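The values are calculated or read from the model by the stated rules, or taken from the named source; none is laboratory data. In this text, all values refer to a predicted model and were calculated from it rather than measured experimentally. With ideal geometry, Cβ positions are generated from the backbone for all residues, glycine too; neighbour counts draw on all protein chains shown. Side chains included, ligands, DNA and RNA excluded: accessible areas come from the protein's heavy atoms. Shrake-Rupley method; radii C 1.70, N 1.55, O 1.52, S 1.80 Å.
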Amino acid sequence: QEHLVESGGGLVQAGGSLRLSCAASGRTFSNNAMGWFRQAPRKEREFVAGINWSGSRTNYANSVKGRFTISRDNDKNTVYLHMNNLKPEDTAVYYCAADRTPHTYYPTDIIFWGQGTQVTVSS
């Protein structure tokens, strides 16, 4: 069984940057497309970014496009979310996720979720 562990969250002022990491273990990392989701207070969980098995294709929610970058290092079994120009509305618990298939870059068939890491952006 695969498990995912997020790290890198914290408190940052608006306009600042953070890099989230998600380390995977238990199965061949390159077999899975990966993604990041978030859930803000009083809101539904939403898609943030996705990446295919090789890292050659990516996809982003309109709210983060141009500010966030998803990447992966298959040799380290790790996916990253680089977050720049953070806004208070980015405050949420961020979750990484593994898709069942390798080729999608918009993960929908999620088979493993991380436990989440809190990102808080102050005004």
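Tell me, what is the FRET efficiency for D73 and Q115 to the nearest 0.05, using R0 = 25 angstrom and their Cβ-Cβ distance as r?
So, using R0 = 25 Å, E works out to roughly 0.75.
Based on DSSP loop calls and a cut-off of at most 11 other Cβ atoms within 10 Å, the longest stretch of the chain free of exposed trypsin sites (Lys or Arg not before Pro) is what?
Working: sites that count: R42, K43, K65.
For trypsin sites (Lys or Arg not before Pro) (loop position, at most 11 other Cβ atoms within 10 Å), the longest site-free span of the chain is 66-123.
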Exercise for review: Heavy atoms only, probe 1.4 Å: what % of the accessible area of the chain goes to carbon and sulfur, would you let me know?
Suggested key: 45
Review point. When the chain is treated as a GNM, springs tying every alpha-carbon pair under 10 Å, which of S63, S17, S54 comes out with the largest mean-square fluctuation?
Key: S63
Practice item. Using a Gaussian network model of the chain whose springs link C-alpha atoms within less than 10 Å, name the residue from I110, I70, I51 with the highest mean-square fluctuation. Key: I110
Study note, to complete from the structure: The answer for the net charge of residues other than N85 whose Cβ lies under 15 angstrom from its Cβ, with Lys and Arg +1 and Asp and Glu -1, is +2
Practice item. Pull up the DSSP beta bridges for the chain and report the antiparallel fraction as a percent, rounded to 5. Key: 90
Point to revise | Under 19 Å from the Cα of K87 - aspartates and glutamates, other chains or at least 8 residues apart | key: E44, E46
Point to revise | Difference of contour (0.36 nm per residue) and Cα-Cα distance, Q39 to Q13 | key: 7.4 nm
